[in-house]
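K.L.:
Before I ask anything, let me first share the structure, which is written out below as structure tokens.
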Amino acid sequence: MSEHNYEDVWKYALEQIKQQYIKSGKETEFKLWFNMNYVEDTISTITVSVASEFLWQSMLKKGNVQLVSKKIEELTGQSNIKIQHIISNQSVFNPEESDSEIVSMSSNSDESDIDSTKNKLSEKKSGSSLNFTDSAKSAENKKALKKHPQLFEKYTFDTFIPGSNSDYAYNAAIAASKNPGKTYNPILLYGGVGLGKTHLMEAIGNYIYQERGDSFKICYVPAETFTNEFTSSIKAQTTEKFKSKYRNLDVLLLDDIQFLQGKAQTQEELFHTFNALHDSSSQMVFTCDRPVTELKDMTDRLRSRFSNGLIVDLQPPEYETRYAILLKKLETLGKSIPEDVIAYIAKNVVTNVRDLESALTKMIGYSELVNKNLTIEIAQQQLRDTFSQPLSGTITIDTIQKVVSDYYNISITDIKSKKRDKKYVYPRQIAIYLSRELTEYSYPEIGQEFGGRDHTTAMHADEKIRDLLKTDSSLNSLIQMLIRNIKDYKK
């Protein structure tokens, strides 16, 4: 850290730019394209961290790094400060590999300034330390990762893109990985399909395996496999072998526990396995597609065990996170597509990460197979079925009204009525929001299905719930539960 301490200047410059973007109604754009975090400074440089090289190049191309440079020059009166970057959890990016990686604080800076900065960085790197807390880890990350036979090696914390929808789960998983069996135990991750539950679960296993190696007995197993193994052990009269395998683990990663519903014998065995592992301070991680309270035909004592630890739900990612996930995927694949196509996918695929990556893969495949540059028009044509597939004829407004009215113990007539009591208005707004989210009906069409209301009323109800979802995590959980009930509804 230099004696000048530019950290406060950096933060103030970003805050001023942020306020300008907010006034222009572009706060989302600011969050995405000024995603740089201060790391340290010298007398002539400010180092920031970014999520990926692809993101840094994009911010350079848009002129956003230069905009911050200009703002800092205005605040300090100095034109000789350079901005350099590192990729998160890596050492300083070598400016000698690319002159474009250092952005001058002023367009008037000459080549000698850049050469001088290169020399200083070279001297700094030849010293005893880079002065970064993660530099040692960076060297370790370059080593070939050990492959656990039961874990998918690409499921690591580095490949998981956290956002407001998953920050809590992500940080809890890291904490448990660093102190298995002690910090958070057990952990139950729940949420819909494709939201990253299995990814985080296996990331815990991979992290512990890299740190502890074969000295730790780690087992990842889907609940269906666990059940089948137990059933086979009964038939083969090898239950003691089964018990020995699972009750002497250091880490148990049990995926999709909803599969255990109605399987009394397996639940009984898991209950005793749980107790044995808990007594030995072994780390346990479970995943489920719904809250524990919604599991049916599950014994109370096992349900209680699942609930005794940390329970975290994963929600569908917001736009900024969806965009970042697409950028990371492109970087991993070594591919690139136009920014407006990335934004189009991020805006329209709101379900889960799996669908998001599937849409991206489809666009890349199309571009390579037909040898065409992608455009918004091509994306709209090729992804039309992808966007509408979950909605095509499977969910009706009648079903939505039925599920919501049943949950709130009111009638469908009440939801469609002109009644203004809160007990009717709130469920009606939720039903309208779900109709917009889960069907292809327009606001005028939805309004007609709710007692002949006009499109502005339907739009207001939809926007009201969307605003509440930004701050109310309990409403998020309720919406996800209603969506599951709607999808499972049988007339």
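The values are calculated or read from the model by the stated rules, or taken from the named source; none is laboratory data. The structure presented is a predicted model; accordingly, all values stated were derived computationally and were not measured. Cβ sites come from the backbone with ideal geometry, for glycine too, and all protein chains shown count toward neighbours. When the accessible area is computed, the model is the full protein with side chains, heavy atoms only, and any ligands, DNA or RNA have been set aside. Shrake-Rupley method; radii C 1.70, N 1.55, O 1.52, S 1.80 Å.
K.L.:
Whether any residue in the stretch 243-253 is aliphatic (A, V, I, L, M) and open to solvent by 60 Å² or more (accessible area, probe 1.4 Å) is what I want to check.
P.N.:
Within the stretch 243-253 (the criterion being aliphatic (A, V, I, L, M) and open to solvent by 60 Å² or more (accessible area, probe 1.4 Å)), the answer is no, since none of the residues qualifies.
K.L.:
Which one is modelled with the lowest pLDDT among residues in the stretch 210-229 that are open to solvent by less than 20 Å² (accessible area, probe 1.4 Å) and over 16 Å from residue 185 (Cβ atoms)? Reasoning before the result, please.
P.N.:
At the first step, the residues of the stretch 210-229 found to be open to solvent by less than 20 Å² (accessible area, probe 1.4 Å) are 213, 218-219, 221, 223, 226-227.
Filter once more, so that each one left must be over 16 Å from residue 185 (Cβ atoms): 213, 221, 223, 226-227.
Details: 213: 87, 221: 92, 223: 92, 226: 94, 227: 93.
So the residue we want is 213.
K.L.:
Another question, if that's okay. Given the conditions (1) at pLDDT 90 or above; (2) open to solvent by 50 Å² or more (accessible area, probe 1.4 Å), report the number of the one that residue 405 does not fulfil.
P.N.:
(2)
K.L.:
Pick from the stretch 164-191 the residues that are out of contact with any Phe, Trp or Tyr (no Cβ under 9 Å at 6 or more places or on another chain) and over 19 Å from residue 218 (Cβ atoms): which of them is most open to solvent (accessible area, probe 1.4 Å)?
P.N.:
Per the stated criteria, the residue is 168.
K.L.:
Here's another thing I want to ask about it. Please verify whether residue 277 is within 19 Å of residue 222 (Cα to Cα) and touching a Cys at 6+ places or on another chain (Cβ under 8 Å), treating the condition exactly as stated.
P.N.:
No.
K.L.:
Among the listed residues 466, 436, 420, 484, identify the single one that is surrounded by fewer than 13 Cβ atoms within 10 Å (Cβ to Cβ) and either within 26 Å of residue 163 (Cβ to Cβ) or in contact with a Leu (Cβ under 9 Å, 6 or more places away or on another chain) (or both).
P.N.:
466
K.L.:
Just checking, how many residues over the stretch 254-309 are surrounded by 18 or more Cβ atoms within 10 Å (Cβ to Cβ) and more than 24 Å from the chain's Cα centre (by Cα)?
P.N.:
15
K.L.:
Could you tell me how many of the residues in the stretch 292-336 are in contact with a Pro (Cβ under 8 Å, 6 or more places away or on another chain), under 30 Å from residue 269 (Cα atoms) and not in a loop (DSSP other than H, G, I, E, B)?
P.N.:
5
K.L.:
Being at pLDDT below 85, among the polar types (S, T, N, Q) and either within 23 Å of residue 315 (Cβ to Cβ) or part of a loop (DSSP other than H, G, I, E, B) (or both) narrows it down to one residue among 183, 156; which is it?
P.N.:
None of the others qualify; the one that does is 183.
K.L.:
Output the residues belonging to the stretch 362-374 that are closer than 20 Å to residue 329 by Cβ and either open to solvent by less than 60 Å² (accessible area, probe 1.4 Å) or modelled with pLDDT under 85 (or both). Explain how you work it out, then say what you get.
P.N.:
Quick first cut of the stretch 362-374, residues closer than 20 Å to residue 329 by Cβ only: 362-369, 373-374.
363, 364, 365, 366, 367, 374 - these are the residues of the stretch 362-374 that are closer than 20 Å to residue 329 by Cβ and either open to solvent by less than 60 Å² (accessible area, probe 1.4 Å) or modelled with pLDDT under 85 (or both).
K.L.:
So for the stretch 349-365 (the condition being out of contact with any helix residue (DSSP H, G or I) (no Cβ under 9 Å at 6 or more places or on another chain), over 20 Å from residue 29 (Cβ atoms) and basic (Lys, Arg)), does at least one residue qualify?
P.N.:
yes
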